[in-house]
Amino acid sequence: MSQTGVTVREPWPDARREETGLQFAMWVFLATEVLFFGALICTYAVNRWAHPAAVREAGRHAAFAYGLANTVILTLSGLSMAIADRAVKEQLGALAKACLWITLALGTAFVVIKALEYYKDISDNLWPGPDFALRGAGARPFWSFYWVATGVHAIHLTIGLGVVARLLVFAHRGSLVRRVPSMTISTLYWEFVDIVWLFLFALIYLVGRT
Amino acid sequence: MSLILLVQASPIVLPEASTQAVVEDRIFLILLAVSAAIVLLVLTLVIGFSIVYRAGSAARRGPLPIWIRHEFEIGWTSATIFAFLFIFWWTASSQLHLQTVPRSALEIHVVAKQWMWKIQQPSGVREIDTLHAPLGIPVKLVMTSQDVIHDFYVPAFRLKQDVIPGRYTELTFTATEAGTFQVFCAQYCGLDHARMNADVVILPPADYARWIADQPEGDTLAGEGEKIFASHGCGGCHGQGAAVHAPPLDGLYGSRVPLAGGGFALADENYIHDCILLPHKRVPAGYAPIMPSFQGVLSEDQLVPLIAYIKTLKAKP
Amino acid sequence: MSAQASAPQAAPGDEPSYLDEGHSVASWIFSTDHKRIAILYAVSITVFFFIGGAAATLMRIQLFEPNNSFVSAAQYNRLFTMHGIIMVWFFLVPSIPTTLGNFLVPMMIGAKDVALPKLNLTSWWLYVGGAIFTIVCLIGGGVDTGWTFYTPYSTLYSNAAVLSAAAGVFVVGFSSILTGVNMITTVHMLRAPGLTWFRLPLFVWGIYATSLVMVLATPVLAMTLLLVIAERMGLPVFDPRFGGDPVLFQHLFWFYSHPAVYIMILPAMGVISEIIASEARRRVFGYKAMAVAMLSIAVLGFLVWGHHMFVAGMSPFADIVFSFLSFVIAVPSAIKVFNWTATLYRGEIRFGAPMLYALGFLGLFTVGGLTGLFLASVPVDVHVHGTYFVIAHFHYIMVGGSVSAYFGGLHYWWPKITGRMYLEWWARLAAITMFLGFNFTFFPQFIAGYLGMPRRHFVYAPQYHLYNVMSSTGAVVLAAAYLLPLFYLGWSLVWGARAGANPWNATGLEWLTPSPPPKQNFARTPRVDNDPYDYHEPETGPTQADQPPRQPQGGVA
């Protein structure tokens, strides 16, 4: 069943239902991700409620400049991704391709800066091992949260980079503008990863700076 | 033949040896009666319908009477809700009643470790895997673990409580029968979990006092704690004339402590335990967080008498 | 209008069945056909069922004597852990949703496949991935933390293969999540024209409600296991020495694991509704209430996790709240039992193997559910928590309930899935043997538990000996009952009589297709204009046995 060059995959009866269905599925998946990160943030909340002073102190050691830079970069990538999404809907292939390249570049920059920040954190003895720099109950759980949360987020972001790369392959073949559902669900995923980072930014980098 | 011996050796009843046991068994038996009635009802209906309405039988089928449809459904739904809520209310109020702890309870300390129970009586007597307690008097077990989570379970008392590392949990009972009762560990704790058994020995109060007196002379719990307080230099900061600005301990236990950063803490065993092992967790207002941690320096066994000593320090008039 | 006379979609021999679309291994393990994926899952979970069953067998042999040394303490601790992990995550949670659910949900709603067929295959490969981690764990000596992985034992004290076990469950959890996403999307988006929500068969409602729980609860488990892995690798999270709280682990774990038990029972409830309606030839009594009850159980299931923690150190206020909610959630389950019983009233009841399993379910689920009331009462729970009473309770529901329903459904839809009829008398024998063996195995455990026998004890006090002998003896009968179907169902695949499209004369869209169905399921998308279970005029009851339904769903398109 192919009208105006749009292919409909089995078992969908028509293109419109497929598009709605794929978006629906992505929203359901994002709900699972909310629970996934939510459980992690719950442990953070418990630790902070139990040890407010220690958590504030521990948060002061987070590399704010790196965190802020990453926040700006990721937010900009969210913008470029949103523009790409709109461009695909409006059949503006060249604009979409350019914005996808920007998103990919910004996302990669994020990962690079994160890696540099990890290197700095380890040299500052912020891995909660035997050489841990901070004392006080609650400091180690805070930093355990940091490593797990930013690590899991970085994995999600890297998967996102793969998703964007796949769209770029379509864009270079010229088939992206016919694949609106793929673009939409990829954008939803990317924006979600962006939003999670905003929460993590507040919980990790801003907590010691009120 | 051995099967008969086995049947004879297997009890179907458990001694009721505490005030909790009496209440719990009453609830259990009534729930059993209600459940049996419901199971009997369902079984009778299911088997009855299966026989009467088996395919090809001559029973009258046809439309369901109208009253069976709506009223019945509303009826049994409401009945179920009412019955279950009533059972909830009854069991919850029983539990709340059982949980009020009398002030005069005798405190016995329990430290669990893989795979034994270490008991410290207030008089300072120590026991391993046996707990002597008086009959008819409320006893409060204050318990902690040195390693993983355990659970102190006395089936004859119908009581159990998880024993958790890093905090104190309590189990209060009033024994109603003298005798020796089994204690099991009821929270999986590793290799010898199944062999982490103990005994509770309930003695009439006079016998209990005599047993305490018969034990080798030693310090009371608080006396032992005073020695630990001195040997670990606690007075160096917390004593009078100390150069360091440290909170005074007189009258600390049971007071409300204002915390740095706002809020209050009740200075119970858990608070004092945290102050010694995790001193930066709840710092009192007006003091810098400079107290060193005694994690790894003082064991849970030593903390029991130390905290018992600190509890005896009354506020100076 | 009889649906038996001819399958309106295609006559046999027109199109190859899904079983004949390719015979290579690759055509199976890379297939995106929901029916083939269902079979892949069925084989996988059966393998794990018998591994988990072997662990249980060894445990019951050890427990035959109070001071036995058939296995050592260390071995026993690994046996009960592996039994729990395998039975919960590699058998029960996937069982009905991925086998019967995968096969039947698209057919029951008139669709050609699930919404996301490639994701479906990915789910199965994730199951395989998780399975590999678990096999690695087994080979590495197994894990000894209990399926509950309580900290700090699991993170700071155990010397066993905790990392591979946690990783295995983590991976298979994502299999669960993706299956849930797929099922929810399928039911929302691919229903045939005219098939409104309240015309859906209750089996679809059951899978839908289960999927809601799967997608919202399982991610919490995934994160909790990740934190266990993190702490085991040196990042303190629950360690009290650094300000962590071991009880926080329990809250997070049970926040998933309580809804998980509803994942394991809701599909079973769906199966039972289908079987009872078909085999009693009656509309399900109170259809809407049945659907709403399943949804309520799904929602309320998220609010009761604390009843696993009444003695864990929660405040008395929390105990009361969780106790209250636990009593509330008993109500929809009770309503379902009454409605199933009422469905039998004035029916024309056939006693094939599926119905025998369903009747067994009614009895065993009722007993299991009522003992839940005991556990919801705080004073009683303080006594029987951590004892064999709890073990008996959940086995009555998960094995007496869910496994009976799984076997019942397997038999009921066997002709549709395989195109063969099984041997009826052998199947009835297996069903009855299972019911008797099950009761003999698990009822004595209620008594042992009330008398104080704790769980996870490889040796026990002598006063529990009689009950353990009874339990271990019953287990022999139960094992035989589980092995029997392997033989006669296997036999039927080669020598069984060929099945027609609708051997039970049931309603439901799946019975319109040939047995076994073609890959596309339906040549033309059916249209549905009537309610499910339209076996008889609404104003009357069934008039004769073995009559075709008054109007099956989909009719003749």
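In the range C:331-363, which residue that is facing chain B (nearest Cβ under 7 Å) and of a type in the set (S, T, Y) is most open to solvent (accessible area, probe 1.4 Å)?
Only one residue fits best here, namely C:Y345.
Whether any residue in the range B:100-110 is part of a helix (DSSP H, G or I), over 30 Å from B:C189 (Cβ atoms) and more than 7 Å from every other protein chain (Cβ to nearest Cβ) is what I want to check. Working first, answer last.
At the first step, the residues of the range B:100-110 found to be part of a helix (DSSP H, G or I) are none.
For the range B:100-110, residues part of a helix (DSSP H, G or I), over 30 Å from B:C189 (Cβ atoms) and more than 7 Å from every other protein chain (Cβ to nearest Cβ): absent.
Of these, B:A213, B:A315, which one is surrounded by fewer than 17 Cβ atoms within 10 Å (Cβ to Cβ), assigned to a loop (DSSP other than H, G, I, E, B) and more than 14 Å from every other protein chain (Cβ to nearest Cβ)? Talk me through it step by step, then tell me what you get.
Values: B:A213 fails: assigned to a loop (DSSP other than H, G, I, E, B).
Among B:A213, B:A315, only B:A315 is surrounded by fewer than 17 Cβ atoms within 10 Å (Cβ to Cβ), assigned to a loop (DSSP other than H, G, I, E, B) and more than 14 Å from every other protein chain (Cβ to nearest Cβ).
Quick check on C:N67: is it within 11 Å of chain B (Cβ to nearest Cβ), assigned to a helix (DSSP H, G or I) and over 30 Å from C:I417 (Cβ atoms)? Can you show your working first?
Numbers: within 11 Å of chain B (Cβ to nearest Cβ): yes; assigned to a helix (DSSP H, G or I): no; over 30 Å from C:I417 (Cβ atoms): yes.
In short, no.
Select from the range B:84-99 the residues that are closer than 14 Å to C:V328 by Cβ and open to solvent by 40 Å² or more (accessible area, probe 1.4 Å) and write down the one among them that is nearest to the other protein chains (Cβ to nearest Cβ).
B:L85
Cβ-Cβ under 6 Å, sequence separation 6+ or interchain: first residue in the range C:43-57 and touching a residue at least 24 places away in the same chain (Cβ under 8 Å), partner open to solvent by 20 Å² or more (accessible area, probe 1.4 Å). Which pairs?
Final answer for the pair search is C:G52/C:H83; C:G52/C:M87; C:A55/C:L79; C:A55/C:H83; C:A56/C:H83.
Conditions: (1) open to solvent by 50 Å² or more (accessible area, probe 1.4 Å); (2) facing chain C (nearest Cβ under 10 Å); (3) not in a loop (DSSP other than H, G, I, E, B). B:A156 meets all but one. Number of the miss?
(1)
Those residues that are facing chain C (nearest Cβ under 7 Å) and part of a helix (DSSP H, G or I), I need them from the range A:6-19; list them, please.
A:R17
Residues of the range A:114-141 being touching a residue at least 12 places away in the same chain (Cβ under 8 Å) and at the interface with chain C (Cβ under 9 Å from one of its Cβ atoms), which ones?
A:W127, A:P128, A:G136, A:A137, A:G138, A:A139, A:R140, A:P141
With C:G52, C:G146 as the choices, which residue is at pLDDT 95 or above and either farther than 29 Å from B:A186 by Cα or assigned to a helix (DSSP H, G or I) (or both)? Write out each step before concluding.
Working: C:G146 fails: either farther than 29 Å from B:A186 by Cα or assigned to a helix (DSSP H, G or I) (or both).
After applying the criteria, what remains is C:G52.
The conditions are (1) at pLDDT 95 or above; (2) surrounded by fewer than 24 Cβ atoms within 10 Å (Cβ to Cβ); (3) over 30 Å from C:P201 (Cα atoms), and C:R241 fails exactly one of them. Which is it?
Going through the list (1) at pLDDT 95 or above; (2) surrounded by fewer than 24 Cβ atoms within 10 Å (Cβ to Cβ); (3) over 30 Å from C:P201 (Cα atoms), C:R241 breaks only (1).
Would you please list the contacts, defined by Cβ atoms under 8 Å and residues six or more apart or on different chains, that run from a residue in the range B:175-197 that is over 16 Å from B:M116 (Cα atoms) to a residue that is of a type in the set (S, T, N, Q) and open to solvent by 20 Å² or more (accessible area, probe 1.4 Å)?
Here the result reads B:T176/B:T19, each pair linking the range B:175-197 to a residue that is of a type in the set (S, T, N, Q) and open to solvent by 20 Å² or more (accessible area, probe 1.4 Å).
Filter the range B:17-56 down to residues that are open to solvent by 30 Å² or more (accessible area, probe 1.4 Å) and either assigned by TED's automatic domain parsing to the domain that holds B:G136 or among the hydroxyl-bearing types (S, T, Y) (or both), then give me how many there are.
Matching residues across the range B:17-56 total 2.
For C:V181, work out the one condition from (1) within 11 Å of chain A (Cβ to nearest Cβ); (2) touching a Pro at 6+ places or on another chain (Cβ under 9 Å); (3) open to solvent by less than 10 Å² (accessible area, probe 1.4 Å) it doesn't fulfil.
(2)
Out of all the residues in the range A:20-41, which are closer than 28 Å to A:K114 by Cβ, open to solvent by 60 Å² or more (accessible area, probe 1.4 Å) and within 9 Å of chain C (Cβ to nearest Cβ)? Can you show your working first?
Start the filter on the range A:20-41 by keeping residues that are closer than 28 Å to A:K114 by Cβ, which leaves A:26-27, A:29-41.
Still in the running and open to solvent by 60 Å² or more (accessible area, probe 1.4 Å): A:27, A:34.
Matches in the range A:20-41: A:V34 only.
Return the residues of the range B:129-153 that are among the β-branched types (V, I, T), touching a helix residue (DSSP H, G or I) at 6+ places or on another chain (Cβ under 9 Å) and away from every other protein chain (no Cβ under 11 Å); say none if nothing qualifies.
At the first step, the residues of the range B:129-153 found to be among the β-branched types (V, I, T) are B:130, B:137, B:139, B:142, B:144, B:148-149.
Keeping just the survivors that are touching a helix residue (DSSP H, G or I) at 6+ places or on another chain (Cβ under 9 Å) gives B:137, B:142, B:144, B:148-149.
Correct list: B:I137, B:V142.
Which residues, taken from the range A:135-160, are assigned to a loop (DSSP other than H, G, I, E, B) and open to solvent by 20 Å² or more (accessible area, probe 1.4 Å)?
If we filter the range A:135-160 for residues that are assigned to a loop (DSSP other than H, G, I, E, B), which is where we start, we get A:135-138.
Listed by number, the residues that qualify are A:R135, A:G136.
If you check C:V367 against the conditions, is it closer than 30 Å to C:L303 by Cα, at the interface with chain B (Cβ under 8 Å from one of its Cβ atoms) and over 22 Å from the mean Cα position of the chain (by Cα)? Lay out the reasoning, then the answer.
Values: closer than 30 Å to C:L303 by Cα: yes; at the interface with chain B (Cβ under 8 Å from one of its Cβ atoms): yes; over 22 Å from the mean Cα position of the chain (by Cα): no.
The answer is no for C:V367.
Would you mind finding the one in B:E177, B:E170 that is within 20 Å of B:L277 (Cβ to Cβ), surrounded by fewer than 18 Cβ atoms within 10 Å (Cβ to Cβ) and in the same structural domain as B:V142 (by TED's automatic domain parsing)?
On the way: B:E177 fails: within 20 Å of B:L277 (Cβ to Cβ).
That would be B:E170, the only listed residue that is within 20 Å of B:L277 (Cβ to Cβ), surrounded by fewer than 18 Cβ atoms within 10 Å (Cβ to Cβ) and in the same structural domain as B:V142 (by TED's automatic domain parsing).
So if I check each of C:F203, C:F198, C:F249, which one is within 30 Å of C:D534 (Cα to Cα), in a helix (DSSP H, G or I) and either out of contact with any Gly (no Cβ under 8 Å at 6 or more places or on another chain) or of a type in the set (D, E) (or both)?
Numbers: C:F203 fails: either out of contact with any Gly (no Cβ under 8 Å at 6 or more places or on another chain) or of a type in the set (D, E) (or both); C:F249 fails: within 30 Å of C:D534 (Cα to Cα).
Answer to the check: C:F198.
Tell me which residues, restricted to the range C:372-386, are β-branched (V, I, T) and more than 7 Å from chain B (Cβ to nearest Cβ).
Going residue by residue through the range C:372-386, those that are β-branched (V, I, T) are C:378, C:380, C:382, C:384.
Residue satisfying the conditions is C:V384 alone.
The values are calculated or read from the model by the stated rules, or taken from the named source; none is laboratory data. Just so it is clear, the model here is predicted, and its values are computed rather than measured. As a convention, Cβ positions derive from the backbone with ideal geometry for all residues, glycine included, and neighbour counts pool all protein chains shown. Calculation scope for accessible area: heavy atoms of the full protein, side chains included, ligands and nucleic acids excluded. Shrake-Rupley method; radii C 1.70, N 1.55, O 1.52, S 1.80 Å.
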